[in-house]
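This report concerns only the one structure given below.
The values are calculated or read from the model by the stated rules, or taken from the named source; none is laboratory data. Just so it is clear, the model here is predicted, and its values are computed rather than measured. As a convention, Cβ positions derive from the backbone with ideal geometry for all residues, glycine included, and neighbour counts pool all protein chains shown.
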Amino acid sequence: MTINSQVEAQNNATLIGVATFKRPKQLQELLESLEKLSWNKVEMPRVEIAIVDNDADESARELVEMFTKNSHYPITYLTESRRGVSHVRNTALEFALSHEFDFLAFIDDDETAHTNWLEALLIRQNETKAGAVFGQVNSQYNTDAPDWIAAWRPHAHIIETDGIPDKPGGTCNVLIDLQAVQNSNIRFDPKMSLTGGEDTLFFYEMQDAGYTFASAAAAIVDEDIPSNRAQPNWILKRWYRTGMTDLIIINRHSIGPVVKLKAVLGGLVRLTIGSTAALLFWIANFGKLNKKTMEKLYTAYRGAGMLSFAFGRTYEEYGSKKSD
């Protein structure tokens, strides 16, 4: 084993946090991948896994307890009865803080980790001392996904080289410095638990507190994209939602009628320009959707989301409520 002297195992105690909700097959594949984590460049630190189940029926308990018996890493099964991703992530965060971990690594229950995933995140954090290190997400599509979507990979988060990003990634592949969390006293906002976007807000608040980000190209996870998410309709709904939640994030320090006015004007401009450009590309492509048309619809649907936000509408991507 080659030991990187700059990365000391005793200062890298890491909790791997996994939020789950009724995905037994994917969760099993994730746990199997975590058993294969390798430590070739640094000494293996203290690593534990916390599975936070958002299902009141505790549907993941049996699977997790089965893995606990033979795992290389201690596994804790936690339940969170309050519905939504913010509550689940905060449960993992509080567990990590109360059990003296240095870092919290989030990975989703529909992902699998490459063998050097966690090692690469820790090496990058020790190099940069960043408040959060974001890794790469590769999208894995089923055979029934449209060919142009599979080639485009709009769900992926590609990182070609290590860097210092100005904007944060998400919690689907991230290592969080828990000292930064303690110092800034930030949590995932419960008001965004069903809308999504809670992770983006969390990291912007970390940035507001003076912490930086880093990206780790070698820290790779593969995300399973089910057939229903590999469709234009689902992608457009996601962009509509981000139009709403991005405005919440952008205006986190502002209140009043000026915010609403900016949302209306910005939404109208994006909706008009995006729709017009998308229509032209759609006509040029003989009435078929393709990457170029969708890229213009991205602008239009974000604009529509901004307008909806301005007039008090909501969209709960992780709940049953789509609009009020």
By residue number, the members of region 165-189 that are touching a Gly at 6+ places or on another chain (Cβ under 7 Å) and either surrounded by fewer than 19 Cβ atoms within 10 Å (Cβ to Cβ) or farther than 12 Å from S215 by Cα (or both) are D177, A180
Can you find a residue in region 140-153 that is assigned by TED's automatic domain parsing to the domain that holds L122, surrounded by 15 or more Cβ atoms within 10 Å (Cβ to Cβ) and either under 29 Å from F101 (Cβ atoms) or among the polar types (S, T, N, Q) (or both)?
-> yes
Report yes if some residue within region 21-40 is surrounded by 18 or more Cβ atoms within 10 Å (Cβ to Cβ), of a type outside the set (G, A, S) and in a strand (DSSP E or B); otherwise report no.
-> no
Given (1) assigned to a strand (DSSP E or B); (2) acidic (D, E); (3) surrounded by 21 or more Cβ atoms within 10 Å (Cβ to Cβ), where does D109 come up short, assuming only one miss?
-> (1)
Search result, residues across region 73-120 that are under 12 Å from A19 (Cβ atoms) and either small (G, A, S) or outside the structural domain of A216 (by TED's automatic domain parsing) (or both) = G84, S86, A92
Can you tell me which residues in region 189-209 are closer than 14 Å to H253 by Cα and assigned to a loop (DSSP other than H, G, I, E, B)?
-> A209
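Please verify whether T195 is at pLDDT below 95 and buried (at least 21 other Cβ atoms within 10 Å of the Cβ), treating the condition exactly as stated. Write out each step before concluding.
Numbers: at pLDDT below 95: yes; buried (at least 21 other Cβ atoms within 10 Å of the Cβ): yes.
Answer is yes for this residue.
Please state which one of A278, A217, A300, A304 is assigned by TED's automatic domain parsing to the domain that holds T195, outside any loop (DSSP other than H, G, I, E, B) and among the hydrophobic types (A, V, I, L, M, F, W, C).
From the options A278, A217, A300, A304, the qualifying one is A217.
A quick yes/no check of all residues on (1) in a helix (DSSP H, G or I); (2) closer than 29 Å to E160 by Cβ:
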position: Y211; (1), (2): no, yes
position: M244; (1), (2): yes, no
position: I248; (1), (2): yes, no
position: L271; (1), (2): yes, no
position: K292; (1), (2): yes, yes
Taking D162, is it of a type in the set (D, E, K, R), closer than 21 Å to T20 by Cα, in the same structural domain as V52 (by TED's automatic domain parsing) and surrounded by 14 or more Cβ atoms within 10 Å (Cβ to Cβ)?
-> no
Being free of Cβ contacts under 8 Å to residues at least 60 places away in the same chain, touching a helix residue (DSSP H, G or I) at 6+ places or on another chain (Cβ under 6 Å) and not polar (S, T, N, Q) narrows Y211, Y204 down to just Y204
Somewhere in region 44-53, is a residue part of a helix (DSSP H, G or I) and surrounded by fewer than 18 Cβ atoms within 10 Å (Cβ to Cβ)?
-> no
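Would you say S81 is surrounded by fewer than 23 Cβ atoms within 10 Å (Cβ to Cβ) and in a loop (DSSP other than H, G, I, E, B)? Outline the logic, then answer.
On the way: surrounded by fewer than 23 Cβ atoms within 10 Å (Cβ to Cβ): yes; in a loop (DSSP other than H, G, I, E, B): yes.
Considered against the rule, which asks whether it is surrounded by fewer than 23 Cβ atoms within 10 Å (Cβ to Cβ) and in a loop (DSSP other than H, G, I, E, B), S81 comes out as yes.
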